[in-house]
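Down below is the structure, laid out as structure tokens.
The values are calculated or read from the model by the stated rules, or taken from the named source; none is laboratory data. All values derive from a computational prediction rather than experimental measurement. Reconstructed Cβ throughout: ideal geometry from the backbone, glycine too, with neighbour counts over all protein chains shown.
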Amino acid sequence: MVYFYGHSWPNVVPAAKYGKTHPEYFVLQNGKRRPDKIGSQLCISNKEVRDLMLQSIEKAFAAGRKFYQLSQSDAFFACECPECAKLGPAPVRVWNFHVGLAREIYRKYPDRKINILAYEVTMKVPRWIREFPPNVVIELTKYDEKEFEAWKKQFPAMTEFMVYDYNWGAFHETGFLPKRTPDRIADQLRRFHRYGVINIYSCGFSTALTGLEAPVTYIYGRLLDDVSLNPNLLLADYCTAAFGRDAGPFMNNFFSIMHKYLESYPENAYFTDDDPRLVRTPAAMIRNHYPAAAVRKMEEFLSAAEKNVSSPKQKMRLKNVRLHFDYLKSEVKALDGFSLYQLAPNRSVFQIICEALREREQAIDAIFRSDIPALWKGNDKRQIWLAGGTLSGKLGAPFTWNYKEMEKSGVLPGMQTKMAKAFFLPGKPALEDTLWNKIPSYELEKVTGGKAGLKSSFQLGWTDSDLYMRFTLQTPALAKKQFASAGKGHYIGTECLDVQINPTALPERYFQFIFSPAPDSFLQGNMNIGRFGADPQWNILDRSWDGKWQYEFKLYPDRDQWTALLRIPVSSLAGFKPGKGKSFTMNIGRVCGRELFLWSPNLESQKFGNTAVFGNVFLE
């Protein structure tokens, strides 16, 4: 099998190899070829790209391989060239491209298989396709009962599937914490058996906690051999074999309590889930699946097992569980303390949070320093553990706080609503106008609170017709960076400002202005302006809105700094009338590399757009 772990395009046509010599192989964006787009995004109307794909498949099959995975680049971006546009919408063009390759190769290798990944733009069943070539096997990234039935209804002759599962991985909202239970795993594998799944790739399996998730990964392996086995009997067998006859029953109770609250953990990952009722934030999901009472009972059973374990191997396995459980417990303690802090922000509760954060750091260090086998520790670095995980697993406050600095300064985070003043300007100001020297500036903090490591400040002004914002921003190694135009409707994801203004006095509404220090690199939109909760477009950013706003910028590479001036016509702000004493709410976010900053911090998560934390701006 030739398997690319989800993405064949960048492996077959890598930008590192073809970017300079054949830029035409890569997507066109705003009139420019972009081999630098993340994931080697391809121009699939280009015949040479198609030929390279065919050559790769033929080479694999000529060498005796039986399967070949076809899959588009991650974070798919559709080429904007005229020839690609003729191929139809993104799902149509990608499906047809892959199916065309499969048909072509079938003529020469009818006994080999092409597994096409149904992912992102190709996740949904392609209704316009009536029949796949006989050599195609679909690899599903969404694999609940409803999804299998949808595929079977469209393609009744389909008897085999492959699955790319998301059972494990620190990219989940719960990060490194366990996610699966014996019963849910059994239900899943029995479903796979019914629908003829012939191969499974488990994304993130290597980051499964070898202490807390070991029983379920063991049960997973046993059920692959025989799906009729009883998962709960397998759990009991595992606990006896791993921890001994005396400690085993205590550990069976330990895991059973944990699994009880994990039964409702969603099977689909955050990017394949279509249930709008789920609140999928790290804090909400950890609190839901790891309630304090359950964690306390788990501690009791684990402590009892530690007193009854005997052999060195059993002690080592139990030690591994203890290390991971201490991490879990400290994380839950910090989150529960933070929940109380949001209702009763005072120094006593703040100290409980700080104590939990210290315990969590100690738990992480203990894992890395321990004498457990290296394989049990996994490959993730300490910084990823401190962050809580990757992607959606990254935790917000209080885990992003510089709590030691807060303890020294005596400052309690999130105690006051941010306020700023915008001053009347006698005329249209320039970016470097000296009048800005007389206007106070305001600093951005870390996105979830705490002093930022980089200077990001802004000043505010207004006239009868416009709002003005002037920015001064520090960017490390600015001289080495080249900010090319991203094009209208796009911005540079690693260096941008995100301004959100709510002039309506109603919650969950704002106008958005995003721009980068490059020409024509901006995006705009409005959230829920003029809408109400019953509107089907509620909470969907309207990108068709045009605020007729402008921005300018200037780079200072010698001092690692850039400045910018934003002008927003008040006529575009839902009838807002400027005047002394008037006010509106807003927030300003910044992305610099992998760091996120926000004027009025969002204590709940590392995201912009939470109108509940917007600060107040008063016109002077």
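Odds and ends about this structure:
- Lone unmet requirement of (1) assigned to a loop (DSSP other than H, G, I, E, B); (2) more than 24 Å from the chain's Cα centre (by Cα); (3) among the aliphatic types (A, V, I, L, M) for Leu473: (1)
- When Phe171 is tested against (1) crowded, with 19+ Cβ neighbours inside 10 Å; (2) touching a residue at least 40 places away in the same chain (Cβ under 8 Å); (3) in contact with a strand residue (DSSP E or B) (Cβ under 6 Å, 6 or more places away or on another chain), exactly one condition is not met: (3).
- The single condition from (1) within 30 Å of the chain's Cα centre (by Cα); (2) assigned to a strand (DSSP E or B) that Glu552 fails is (1).
- Hey, Ser264 farther than 30 Å from Gln606 by Cβ, assigned by TED's automatic domain parsing to the domain that holds Phe399, at pLDDT below 95 and not in a helix (DSSP H, G or I) or not: no
- Filtered residues of the range 184-228 (kept if at pLDDT below 95, surrounded by 17 or more Cβ atoms within 10 Å (Cβ to Cβ), of a type in the set (Gly, Ala, Ser) and within 25 Å of Val137 (Cβ to Cβ)): Gly204
- Candidate set: the range 59-80, residues that are surrounded by fewer than 17 Cβ atoms within 10 Å (Cβ to Cβ) and either outside the structural domain of Gly39 (by TED's automatic domain parsing) or more than 24 Å from the chain's Cα centre (by Cα) (or both); chosen: the one nearest to Glu24 (Cα to Cα): Glu80
- Screening the range 559-609 for strands (runs of 3 or more DSSP E) wholly inside it with 3 or more residues that are touching a residue at least 24 places away in the same chain (Cβ under 8 Å) and within 23 Å of Ala387 (Cα to Cα) returns the ranges 583-592, 595-598.
- Close pairs (8 angstrom Cβ cut-off, 6 or more residues apart or separate chains): closer than 26 Å to Ala85 by Cβ and among the polar types (S, T, N, Q) in the range 42-61, assigned to a helix (DSSP H, G or I) and modelled with pLDDT under 95 anywhere: none
- Just one residue in the set Leu460, Leu431 is assigned to a loop (DSSP other than H, G, I, E, B), among the aliphatic types (A, V, I, L, M) and modelled with pLDDT of 95 or more; that residue is Leu431.
- Residues of the range 267-311 satisfying the condition of being β-branched (Val, Ile, Thr) and part of a helix (DSSP H, G or I): Ile286, Val295
- Some residue of the range 146-168 being assigned to a loop (DSSP other than H, G, I, E, B), surrounded by fewer than 19 Cβ atoms within 10 Å (Cβ to Cβ), in contact with a helix residue (DSSP H, G or I) (Cβ under 9 Å, 6 or more places away or on another chain) and at pLDDT below 95: yes
- The single condition among (1) modelled with pLDDT under 95; (2) assigned to a helix (DSSP H, G or I); (3) surrounded by 15 or more Cβ atoms within 10 Å (Cβ to Cβ); (4) over 25 Å from the mean Cα position of the chain (by Cα) that Ile372 does not meet is (2).
- Going through (1) touching a His at 6+ places or on another chain (Cβ under 6 Å); (2) without any contact (Cβ under 8 Å) to a residue 60 or more places away in the chain one by one, Gly393 falls short only on (2).
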